[in-house]
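Novice: Mind having a look at this structure? Questions to follow.
Just so it is clear, none of the values below were taken in a lab; they were calculated from the coordinates. Fair warning: this is a prediction, and the values are worked out from it, not measured in the lab. No Cβ is skipped: glycine too gets one built from the backbone with ideal geometry, and neighbour counts run over all protein chains shown.
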Amino acid sequence: MKTLTLAIGLVIVTSSGMAQAATPEHDMSQHQMTAKQEGVGILKAVNAKAGKVQIAHEPIAALGWPAMTMWFALRDSLPVEIKADAAVRFEMIQDEKKQWVIVRIGRK
């Protein structure tokens, strides 16, 4: 009887540890999301006051994103030589709020 009780106790302890391992804070796929990602597209609009740009980007396979047009925050100022309708290449990371921020942008 003691052996059966001990075995049941081990199963409970082991399964509770596995449940904890499956929680989001232990999910290793989240670490991939914070890695720097690259994209290319056309700069459609600039909101200098808000520090944002709108880019019609090509698919970003690493994120499973199709081609689309979206707004991105800029970490730094937009280089003066880059204007609307320019073909651009950019790098972005996710900030602490899980929003994508462009950390580097240049002409394609």
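Novice: Sort M70, M92 by Cβ crowding within 10 Å, fewest neighbours at the top. Display every interim value, and only then the final one.
Specialist: Values: M70 13, M92 24.
Sorted ascending by nearby Cβ count, the order is M70, M92.
Novice: 7 Å from Cα along Cα→Cβ at both K83 and T69: what's the point-to-point distance in nm?
Specialist: A separation of 1.9 nm, rounded to one decimal place.
Novice: Could you pull out the trypsin sites (Lys or Arg not before Pro) across segment 56-96 that fall in loop regions by DSSP (anything but H, G, I, E, B) with no more than 16 other Cβ atoms inside 10 Å? Display every interim value, and only then the final one.
Specialist: On the way: sites: R75, K83, R89; in loops: R75, K83.
Answer by residue number: R75, K83.
Novice: Now for a different question. When the Karplus curve 6.51 cos²θ - 1.76 cosθ + 1.60 is applied with θ = phi - 60°, which whole-Hz ³J(HN,Hα) does each residue of segment 91-108 get, with x for Gly and Pro?
Specialist: Values per residue, Gly and Pro as x: 10, 9, 9, 8, 8, 5, 8, 6, 9, 7, 10, 6, 9, 7, 8, x, 5, 7 Hz.
Novice: Amide H to amide H, which residues 5 or more places from I60 or on other chains are under 5 Å from it, using H placed in the peptide plane?
Specialist: W65
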